[in-house]
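Here is the structure we will look at, set down as structure tokens.
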Amino acid sequence: MFSSGGDPVKLGFVASINRPGGNATGVNIFVAQMEGKRLGLLRELVTGAVSFVVLLNPTNPNAEGQLRDVQEGARVVGAELQTLYASSEAEIDAAFAKMAQQHTKALLVGSDPFLNSRRDLIIALAARHRIPAMYEQREFALAGGLMSYGTNLVDSYRQIGIYTGRILKGEKPADLPVMQATKFEFVINAKTAKSLDVKISDNLLSLADEVIE
């Protein structure tokens, strides 16, 4: 059983979504294919920004697909896009120093296990430099990040549990189509927005699944 943030076929986990083959199946949680959606929400929040920064981990196998997705999102909303990369804490510090120097108005933090593991550092740097930022996981918003949009991981783990039970009862992974995540959540931290002097539109508030006061 696997939980994949990118296309499991392209990553070589399965032969196809409907007929995995081999001895593996799981859930595609779409983290790498949602950067454009996150950028659109960030664009609606920071209405005066015309240029955005996306922070990606170049060692992530999904990085190329993430960049294509966010570039398409930028094209759709008519925004300029600058890409910065970080795969170490020193590179995260350097990226934020560059953003501060350039007076970055909005930041999209790409979906990535390493960047997620440095959640507190990234949130602290965004707060220090007063940069509105959009993240992948709800945990970022809970920890003080401005906004997050992504797959509801609790629901995805529930799906994994269902498949695990079926396999333990004798079904073959090769016969179980890869499930697609269907539940997503948009979280806004209103306290952080206030500290950044960012006004949240009524439309964004209506779209939010959770507003942290």
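Does at least one position in segment 170-190 carry a residue that is modelled with pLDDT of 95 or more, assigned to a helix (DSSP H, G or I) and touching a helix residue (DSSP H, G or I) at 6+ places or on another chain (Cβ under 9 Å)? Checking segment 170-190: at least one residue is modelled with pLDDT of 95 or more, assigned to a helix (DSSP H, G or I) and touching a helix residue (DSSP H, G or I) at 6+ places or on another chain (Cβ under 9 Å). Going through (1) closer than 24 Å to A208 by Cα; (2) touching a strand residue (DSSP E or B) at 6+ places or on another chain (Cβ under 7 Å) one by one, I123 falls short only on (2).
The combined condition, being under 16 Å from the mean Cα position of the chain (by Cα) and either part of a loop (DSSP other than H, G, I, E, B) or not assigned by TED's automatic domain parsing to the domain that holds E136 (or both), is fulfilled by N60. Listed by first and then second residue, the pairs with beta-carbon distance under 7 Å, at least 6 apart or on different chains, first residue in segment 160-182 and without any contact (Cβ under 8 Å) to a residue 12 or more places away in the chain, second part of a loop (DSSP other than H, G, I, E, B) and surrounded by 15 or more Cβ atoms within 10 Å (Cβ to Cβ), are R166/L176. Within this structure, K191 passes the test of being out of contact with any His (no Cβ under 6 Å at 6 or more places or on another chain), not acidic (D, E) and not assigned by TED's automatic domain parsing to the domain that holds N18. Of all residues in segment 119-137, those satisfying the criterion of being in contact (Cβ under 8 Å) with a residue 24 or more places away in the chain, crowded, with 18+ Cβ neighbours inside 10 Å and hydrophobic (A, V, I, L, M, F, W, C) are I122, L125, A126, I131, A133, M134. Within segment 25-45, being at pLDDT below 80 and in a loop (DSSP other than H, G, I, E, B) holds for I29, F30, V31, A32, Q33. Against the definition (part of a helix (DSSP H, G or I) and of a type in the set (A, V, I, L, M)), how does L84 come out, yes or no? No, not satisfied.
The values are calculated or read from the model by the stated rules, or taken from the named source; none is laboratory data. Just so you know, these numbers come straight off a predicted model, no measurement behind them. All Cβ positions, even for glycine, are placed from backbone atoms using ideal geometry, and neighbour counts span all protein chains on display.
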